[in-house]
Amino acid sequence: MSEEHKNNPLHGITLKAMLESLVEHYGWKELSNYIEIRCFYNDPSINSSLKFLRKTPWARKKVEDLYIDMIKSRSK
């Protein structure tokens, strides 16, 4: 494994896996409070959210950042 991948907490984690973990941990309602995206509070589903996140870099970045924060808080 290269040095770059060792320091990347997202290496090997799919967007779907991240989203499923966030939904399991926070639930859709709380997730929509952290990241105000319509697909999180208006008839939310994994598939519709993935479709939006794959097309919208700023939203994906917010999801990735929240996922990293969640992982860090779990390890404390």
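Of note:
- Taking every protein chain into account, the accessible area of the range 9-70 amounts to 63 square angstrom per residue (probe 1.4 Å).
- Accessible surface of K72 - all protein chains present, 1.4 Å probe, nearest 10 Å²: 120 Å²
- Protein accessible area in the chain, 1.4 Å probe - carbon and sulfur %: 47 percent
- When the Cα atoms of the chain are aligned to their principal axes, the ranges along those axes come out at 40, 29, 17 Å in descending order.
- Across S32, S21, the residue with the most accessible area heads the list, and the full order at a 1.4 Å probe is S21, S32.
- Calculated mean residue ellipticity, 222 nm, the chain: -23000 deg cm²/dmol, from DSSP H runs (n ≥ 4) at -39500 (n - 2.57) each, averaged per residue and rounded to 500.
- The angle between the Cα long axis of helix 46-55 and the main principal axis of the chain comes to about 70°, on a 0 to 90 degree scale.
The values are calculated or read from the model by the stated rules, or taken from the named source; none is laboratory data. What you are looking at is a predicted structure, and each value in this text was computed from that prediction instead of being measured. SASA here: full protein model, heavy atoms, side chains in, ligands and nucleic acids out. Shrake-Rupley method; radii C 1.70, N 1.55, O 1.52, S 1.80 Å.
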